[in-house]
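I have placed the structure first, in the form of structure tokens, so that the comments after it can refer back to it.
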Amino acid sequence: MTGAAGDIGAVGRTLTTLLLEKGHRVRALVRREDGRAEVLRQLGAEVVQGDLTDLASMHRAIEGCRRIYFGMSVSPDYLKATVNAASVARHHGIQAFVNMSQMTVTQMSITETTDSPQHKLHWLAEQALAWSGLPVVTLRPTVFMEGFFLRLAAADIRETDELALPLGNGKTSPISAADVARAAAIILDDPAPHIGRSYNLTGFESAGLDHYAQVFSAALGRTIRYRDLPVDAWRSKLWQAGVPAHLLNHLTTMAELHQQGRYDRMTDDYIRLTGRTPTSLHDFVTLHAADFTRCEAAA
């Protein structure tokens, strides 16, 4: 299990919990020994420290395992890490390799790409995994609720009652990381029927940000308004906040693609996999209401 020690909206951490509850033994790869690693041990996971781009680390992590969940945050080393993990997985005869990709890859080809360096790396990684001969299952979510609404928008919602993002009038269908983890847990619990398949995972609905602002208003009990930010101003704000260039270019491209309607996608893959309806934004906001509420208001 990679990414098990992630923070906001970590699929790997939730997935680790779900698989342990199903009675599986789970080995979690972490980059550093810290409190999050200790939490994984307390849950019952075996924790191995290492780096996805380091060959020896991946042998320590993979040897003796039968199934792999591979997920990695946005990074210029993404392709290197994927090929490194796949090479070691093939060496050890892995029975299933569940790869976390992105839905934008479905709109890409050898002649069609985007301006995001991360999108290109995800597309290339899917090609490499297809060539590897590994028993791969690919998950392609749209955007995570946690990423856009908790990480990028929560501060403005708390302080100014504004859902401030540069998405124009484009529609989007965000999905919660917990839902993606549930889908991955079902596959890893019994991977055989899913080998060679790709699942495009969308959320409860596809709608514009004006609609989602109304959802926030209803869930929080106060008026939240959508403010469409200029992309360049938003990019400058993130840059000043210290967002790395690779991630910044990826986020900027995602915003532009949203404006073009490229995230206006709906599938029934999640429902068919899990038999459940995806988490609605209303339920998500209610669950995380404290993150969207000023401390004095919460008190």
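Counting only residues that are part of a helix (DSSP H, G or I) and closer than 24 Å to His194 by Cβ, the stretch 120-144 holds 12 of them. For the stretch 263-272, the tally of residues that are in contact (Cβ under 8 Å) with a residue 60 or more places away in the chain and either open to solvent by 70 Å² or more (accessible area, probe 1.4 Å) or farther than 14 Å from Ala178 by Cα (or both) stands at 6. On the basis of being β-branched (Val, Ile, Thr), farther than 30 Å from Ala4 by Cβ and at pLDDT 95 or above, does Val231 make the cut? No: the conditions fail for Val231. Residues of the stretch 116-150 that are open to solvent by less than 40 Å² (accessible area, probe 1.4 Å) and either of a type in the set (Ser, Thr, Tyr) or more than 20 Å from the chain's Cα centre (by Cα) (or both): Ser116, Ala128, Ser132, Leu134, Pro135, Thr138, Thr142.
When each of Ser57, Ser109 is tested for being out of contact with any Ser or Thr (no Cβ under 8 Å at 6 or more places or on another chain) and closer than 15 Å to Ala125 by Cα, the lone residue that passes is Ser109.
Filtering Ser101, Ser116, Ser132 for residues that are under 19 Å from Leu55 (Cα atoms) and touching a helix residue (DSSP H, G or I) at 6+ places or on another chain (Cβ under 9 Å) leaves a single hit, Ser132. Just one of (1) within 22 Å of the chain's Cα centre (by Cα); (2) in contact (Cβ under 8 Å) with a residue 24 or more places away in the chain; (3) surrounded by fewer than 22 Cβ atoms within 10 Å (Cβ to Cβ) fails for Met1. It is (3). A Cβ distance below 9 Å, combined with a sequence gap of six or more or placement on separate chains, defines the contacts here; from the stretch 89-115, residues that are exposed (fewer than 14 other Cβ atoms within 10 Å of the Cβ) reach residues that are β-branched (Val, Ile, Thr) in the pairs His91/Ile62; Asp115/Thr252; Asp115/Thr253. Of all residues in the stretch 259-299, those satisfying the criterion of being more than 30 Å from His119 (Cα to Cα) and among the small types (Gly, Ala, Ser) are Ala289, Ala290, Ala297, Ala298, Ala299. Within the option set Arg13, Arg66, Arg60, being more than 21 Å from Leu134 (Cβ to Cβ) and either out of contact with any Asp or Glu (no Cβ under 6 Å at 6 or more places or on another chain) or touching a residue at least 40 places away in the same chain (Cβ under 8 Å) (or both) holds for one residue only, Arg13.
The number of residues in the stretch 50-68 being surrounded by 16 or more Cβ atoms within 10 Å (Cβ to Cβ), under 20 Å from Leu19 (Cα atoms) and not hydrophobic (A, V, I, L, M, F, W, C) comes to 1. Filter the stretch 193-249 down to the residues that are open to solvent by less than 30 Å² (accessible area, probe 1.4 Å), under 24 Å from Leu287 (Cβ atoms), assigned to a helix (DSSP H, G or I) and in contact (Cβ under 8 Å) with a residue 24 or more places away in the chain and list them by number. The answer is Leu209, Tyr212, Ala213, Val215, Phe216, Ala219.
If I ask for residues that are assigned to a helix (DSSP H, G or I), open to solvent by 50 Å² or more (accessible area, probe 1.4 Å) and touching a residue at least 24 places away in the same chain (Cβ under 8 Å), which ones from the stretch 151-191 would you list?
Just the residues of the stretch 151-191 that are assigned to a helix (DSSP H, G or I), to begin with: 151-152, 154-160, 177-189.
Those left that are additionally open to solvent by 50 Å² or more (accessible area, probe 1.4 Å): 151, 155, 158-160, 182, 186, 189.
Passing the criteria: Arg151, Arg158, Glu159, Arg182, Ile186, Asp189.
The values are calculated or read from the model by the stated rules, or taken from the named source; none is laboratory data. Predicted, not measured: the structure shown is a model, and the values here were computed from it. Here Cβ is always computed from backbone atoms with ideal geometry, including for glycine, and neighbour counts include all displayed protein chains. Just the protein is used for accessible areas: all its heavy atoms, side chains included, with ligands, DNA and RNA removed. Shrake-Rupley method; radii C 1.70, N 1.55, O 1.52, S 1.80 Å.
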